[in-house]
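K.L.:
The following block contains the structure, expressed as structure tokens.
The values are calculated or read from the model by the stated rules, or taken from the named source; none is laboratory data. Note that the structure is a prediction, hence the values are computed from the model and not measured. Please note: Cβ atoms are built from the backbone with ideal geometry, for glycine as well, and neighbour counts cover all protein chains shown.
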Amino acid sequence: MQHRTISSISAADSRTYTISELAREFGVTPRALRFYEDKDMLHPARDGMMRLYSNRDRARLTIIVRLKRLGLPLADIREILDLYALNDGKRAQTRMMLEKFRKQAAELEVQRGDIETALHELHKGIEWLEDLVANNGPSEETKRQAHAYEQVARKQLDEV
């Protein structure tokens, strides 16, 4: 894991962010940022115990959050981030992302099919249960008790 010191941040990379600022901006927890740092995906500088994230870290976090939202595993995201270091005009990264995106899209299509099947079955079950509730009159025991009560009530009314 590489840590930079304050003096190693270039002038172009001079804007820094605290862990709280980035966590708030991206809707993640500080713990998530520390986790990405442990996985060597972010490389904040240190000012004593305080982490200072650069514009580069912020850009990498943007990629991490977007790719996680697409459902890509962290290992795949890490591979994509690692390809930024190559000086090939981002060709390797673009090819890898295309491959990962195609794979993820295929997996999501399967999941969508599973969800559609589950929803169809649930809607059939709901329809059946609603019909059961609507057409399910009193039980035979309830009918017998109601008839017995009605007879007792009529007898008492007739005596009055």
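K.L.:
Output the residue which, of all residues in the stretch 33-80 that are more than 19 Å from I19 (Cβ to Cβ) and of a type outside the set (A, V, I, L, M), is surrounded by the fewest Cβ atoms within 10 Å (Cβ to Cβ).
P.N.:
If we take residues in the stretch 33-80 being more than 19 Å from I19 (Cβ to Cβ) and of a type outside the set (A, V, I, L, M), then R69 is surrounded by the fewest Cβ atoms within 10 Å (Cβ to Cβ).
Residues are listed down the side, and each one gets a yes or a no for (1) at pLDDT below 95; (2) assigned to a helix (DSSP H, G or I); (3) closer than 21 Å to A75 by Cα:
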| site | (1), (2), (3) |
| --- | --- |
| Q93 | yes, yes, yes |
| M97 | yes, yes, yes |
| R102 | no, yes, yes |
| V110 | no, yes, no |
| G113 | no, yes, no |
| E127 | yes, yes, no |
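K.L.:
When the residues of the stretch 31-53 are filtered to those that are outside any loop (DSSP other than H, G, I, E, B) and touching a residue at least 40 places away in the same chain (Cβ under 8 Å), which remaining residue is farthest from the chain's Cα centre (by Cα)?
P.N.:
Step by step, filter the stretch 31-53, then rank; the result is D47.
K.L.:
Checking the condition loosely packed, with under 10 Cβ neighbours inside 10 Å and not assigned by TED's automatic domain parsing to the domain that holds R69, which residue from L132, L98, L108, L119 passes?
P.N.:
Checking each option against the conditions leaves just L132.
K.L.:
Quick check on G71: is it more than 30 Å from Y36 (Cβ to Cβ) and either out of contact with any helix residue (DSSP H, G or I) (no Cβ under 8 Å at 6 or more places or on another chain) or not in a helix (DSSP H, G or I) (or both)?
P.N.:
No: the conditions fail for G71.
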